[in-house]
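Novice: Attaching a single structure in C-alpha cells format; questions to follow.
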Amino acid sequence: MKNITISLIITCFIAAGCNQAATVNMADFGLTASTPENAAEKLREAFDYCRELGKPVRLVLEKGCYEIDLGQKPGQMAFLFGISSMEDFTFDGGGSELYFKGLSGLALATCSKRVSLENFTMDWRRPYITEAEVTDMTPERLILRIDPQKYPYRIAGGHVRYLCDDGEYDVVKDSYCNWLSPEGKIIPGTADDYDLYRTLNGPVKVLDDGRLEFGGKFQYSVPAGSRLLIYHVRYKTPWCRSFMTEGLRLENITIRHCTGCGLIADCCTDITIRDVDYIPADGRVFTGVADAFHITHASGKVEMSGCDINGQGDDALNVHGRYYRISGLSPDLKTMQCSTRSHVPLITAGDSVWFVCQGEMKRSEKYAVKSFTNASQDGSVWKMELEKPLDHDLAGLEIYAENATRNPEIHIHDNHFGSGNRARGILVTSPRKTVIEDNLFESSGAAILIEGDLNYWYESGGVSDVLIRRNVFSHCRTSPWGAAVIALTPSTSVPGYHSGVIVTENQFILDPGAEPLFSVDSSAVRFASDNMIYRVSSGQSL
C-alpha cells in the first residue's frame, strides 16, 4: 500500500479514557483542488483505507470542485461510500463542491454507529429535473423555452427526449409538473398537474426560434415568465440512505439537487440535522425531486435546526412510523404474516408492537416480538412471531401492527421552510414528545401536518405530546396541499387518535380566507389565545 501520512488527533473522554481519532487527508491519495481527476476512484480508495483502520477516523477533503462519476450502468443507482458496520466515521468535505453524475448518492450507512457527514455542497451538472420557461399559454396551447445548454434534449419522432448523464428520459409518469414564479415560489392555487406528463410526452412542434409548442387541455393557466418543472425521475437515489445506524449526524451541507429523497433513514437512533440547506443553484428554482428528509421509526432523538429548505419536490421533513397490515394468523395466535409499503424491515426481534383496528385506531397493549423475517423475495411480505399469543378479541378483526419501541423524541427549531417547496412543510407523527419552535414557515401547502392513515401510505404514530410555539407562519397554504396551515387529519375521525397538541405564541400571517388550524378531533388540540393572527393579502406588508 502507498505511504499514507496520517495525523493523529488525541481526544480525551473522561468516562471512556483516551481514544485516538485518525485524520486521513485526501491529499495523501492524490486528490486535491489542483489535481481533482478520478475523484470517485480516489475517494473510494481512501474510504476503504479508513474502514480497514478499525478505529475512529475523519476523512478530510481539500476545498475544491470535484466531479463524482461512479461509473454505474444507465439507470442503475449507486453510492460513493458504503458505510456498513463501522463506528466513528466522519466525512469532512472541507467546503467542497461535489458534482455527481447519474442516479448517485453520497453515502449508504447501515448497522453503524456515530456517522457524520459535513461541510460540502452537492449538485449535478445535468439535473433530473428540466426547468422550462412559459412564454405563452392558452387553454389549448403551451409554448415553452428550454435552455439546451443547461437541459439538453433532442426531438425524435416528433417527441422530446431529455438527455441526462446516463441516457435519454421522458417526463416521468405521474410527474408532479409544478408551476413556479420566476422568483421560485409555487404559484398560488396551483398544485400537482398529474395529467400534464401525457401532453409533454406527446407530439411537439418546434417553432422557428427553437421554442417548443404542445397542444392539449390544461388544468391551470399561468402567466408568461412562469417556470414549469419537468420531472424525469421520482423516488430514485437519496444522497444519504441509512438503516439501523446509531448517531447519524449531518451538518453544514448544501444540497442543490438529488435524484430521490434527500435523506432516507429507517430504524435509526439519534439523528442530528444541523445547518443542512436545500437551496437552488444560480439560475434554477428547484432542488431535489422528493422529500428533503424522510425518517421512519427512529428512536432516541431527531433534531433539526438551522436549515433552509426551498425548491424541494416534496415535504421538507417527514417523521413517522409504518403500519403493517396483518394478512394471516396462525391457530395459536402467535405467528402472522404482514405487509406494508416499506420493503425494509421496520420491526426487529426484541421490539414491541401495538395492534390497531381499522376504523377505531386505538392501540392495544404491547406485544414483544420474538422474530421478524422476510417471507417473500421482494420484501413485500414478512413473518412475525410474538412472545405470547394475540388477544382473541383482536383475532377476527382487520388489524395492523405498529412498532411501539422505535419512536423518536422530535425537536425542530430555528429553520426556514420556503415558499418554493412543493406540498407541505413538515409532517410529524410520533407518540413521544415533539417540540416545533422558532421556525419560519412560508409553505405553499400546510406548514405542519399531523396525519396517520391505514388507506395508502400506512404512516403511523398517533401523537400525545406536541408543542408548537413561537413560529411565524407567513402566507402558508396558498395551494391545496393540506386542510389548513396546521392540519390534524388522520384517516379516522374517531376521537383519541391524536391528543395533547398545544399551539401557542405563534404568529399567523394569512391570506384572506385561509385558516390557521384544522383538526378532525377538536379535543386533540389547544389553540391558545396568545397566538397572533393577521390577515394580509400576499405581497402586502403588515
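Novice: Has the range 466-484 got at least one residue that is surrounded by 24 or more Cβ atoms within 10 Å (Cβ to Cβ), under 27 Å from Gly359 (Cα atoms) and either within 21 Å of the chain's Cα centre (by Cα) or polar (S, T, N, Q) (or both)?
Specialist: yes
Novice: If I filter the range 146-154 for residues that are touching a residue at least 24 places away in the same chain (Cβ under 8 Å) and in a strand (DSSP E or B), do I get at least one hit?
Specialist: Taking every residue of the range 146-154 in turn, none turns out to be touching a residue at least 24 places away in the same chain (Cβ under 8 Å) and in a strand (DSSP E or B).
Novice: Right, next: Can you run down the residue pairs with Cβ atoms below 7 Å, 6 or more apart or on separate chains, where the first is in the range 517-537 and among the polar types (S, T, N, Q) and at pLDDT 95 or above and the partner is surrounded by fewer than 18 Cβ atoms within 10 Å (Cβ to Cβ) and not in a loop (DSSP other than H, G, I, E, B)?
Specialist: Filtered contacts from the range 517-537: Asn531/Thr504.
Novice: Write out, first by first residue and then by second, each pair whose Cβ atoms fall under 6 Å of each other, whose residues are 6+ apart or on separate chains, and whose first residue, in the range 430-445, is closer than 11 Å to His411 by Cβ while the second is surrounded by fewer than 23 Cβ atoms within 10 Å (Cβ to Cβ) and among the hydrophobic types (A, V, I, L, M, F, W, C).
Specialist: Val435/Leu467
Novice: Also: Could you check the range 184-235 and list, in sequence order, the residues that are hydrophobic (A, V, I, L, M, F, W, C) and closer than 27 Å to Asp291 by Cβ?
Specialist: Ile186, Ile187, Ala191, Leu196, Leu200, Val222, Leu228, Leu229, Ile230, Val233
Novice: Is it the case, given these coordinates, that Gly496 is modelled with pLDDT of 95 or more and surrounded by 14 or more Cβ atoms within 10 Å (Cβ to Cβ)?
Specialist: No.
Novice: Of Thr259, Thr245, Thr199, Thr254, which residue is surrounded by 18 or more Cβ atoms within 10 Å (Cβ to Cβ), of a type in the set (Val, Ile, Thr) and not assigned by TED's automatic domain parsing to the domain that holds Thr110?
Specialist: Thr199
For every residue, the table says whether it meets (1) in a loop (DSSP other than H, G, I, E, B); (2) hydroxyl-bearing (Ser, Thr, Tyr).
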position	(1), (2)
Leu333	yes, no
Pro345	yes, no
Thr348	yes, yes
Phe355	no, no
Glu360	yes, no
Glu365	yes, no
Ser371	no, yes
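Novice: Would you confirm, using the coordinates I've provided, whether Ile347 is in contact (Cβ under 8 Å) with a residue 60 or more places away in the chain and out of contact with any helix residue (DSSP H, G or I) (no Cβ under 7 Å at 6 or more places or on another chain)?
Specialist: Criteria not met by Ile347.
Novice: Just checking, which of Val302, Val276 is touching a Gly at 6+ places or on another chain (Cβ under 9 Å), buried (at least 24 other Cβ atoms within 10 Å of the Cβ), assigned to a strand (DSSP E or B) and aliphatic (A, V, I, L, M)?
Specialist: Val276
Novice: Of the conditions (1) farther than 23 Å from Gly321 by Cβ; (2) at pLDDT 95 or above, Ile436 fails just one. Which one is it?
Specialist: Ile436 satisfies all of (1) farther than 23 Å from Gly321 by Cβ; (2) at pLDDT 95 or above except (1).
Novice: Report, by residue number, each residue of the range 208-224 that is over 29 Å from the mean Cα position of the chain (by Cα), part of a loop (DSSP other than H, G, I, E, B) and of a type outside the set (A, V, I, L, M, F, W, C).
Specialist: Asp208, Asp209, Gly210, Arg211, Gly216, Lys217, Ser221, Pro223
Novice: List the residue pairs whose Cβ atoms are under 7 Å apart, where the first residue sits in the range 64-88 and is in contact (Cβ under 8 Å) with a residue 60 or more places away in the chain, the second is acidic (Asp, Glu), and the two are 6 or more positions apart or on different chains.
Specialist: From the range 64-88, the pairs are Pro74/Asp166; Gly75/Asp166.
Novice: Anything in the range 276-310 that is under 26 Å from Cys177 (Cβ atoms) and of a type in the set (Gly, Ala, Ser)? List them, or say none.
Specialist: Once the filter is applied, which keeps residues that are under 26 Å from Cys177 (Cβ atoms) and of a type in the set (Gly, Ala, Ser), the range 276-310 yields Ala281, Gly283, Gly288, Ala290, Ala292.
Here's the yes/no breakdown for (1) in contact (Cβ under 8 Å) with a residue 40 or more places away in the chain; (2) among the small types (Gly, Ala, Ser); (3) within 25 Å of Arg535 (Cβ to Cβ):
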site	(1), (2), (3)
Asn455	no, no, no
Tyr458	yes, no, no
Gly462	yes, yes, no
Arg469	no, no, yes
Phe473	yes, no, yes
Arg477	no, no, yes
Trp481	yes, no, yes
Ile486	yes, no, yes
His498	yes, no, no
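Novice: Here's a follow-up. Would you check if Ser84 is crowded, with 20+ Cβ neighbours inside 10 Å, in the same structural domain as Thr23 (by TED's automatic domain parsing), among the polar types (S, T, N, Q) and at negative phi?
Specialist: Criteria not met by Ser84.
Novice: I'm trying to understand the selection: among the residues of the range 214-226, which are closer than 22 Å to Glu183 by Cα and in contact with a Gly (Cβ under 8 Å, 6 or more places away or on another chain)?
Specialist: Tyr220
Novice: Just one of the numbered conditions (1) at negative phi; (2) within 21 Å of the chain's Cα centre (by Cα); (3) at pLDDT 95 or above is not true of Asp414; which one?
Specialist: Of the numbered conditions (1) at negative phi; (2) within 21 Å of the chain's Cα centre (by Cα); (3) at pLDDT 95 or above, the odd one out for Asp414 is (1).
The values are calculated or read from the model by the stated rules, or taken from the named source; none is laboratory data. Please read all numbers here as calculations on a predicted model, not as lab measurements. Positions of Cβ are generated from backbone atoms using ideal geometry, with glycine treated the same way; all protein chains shown enter the neighbour counts.
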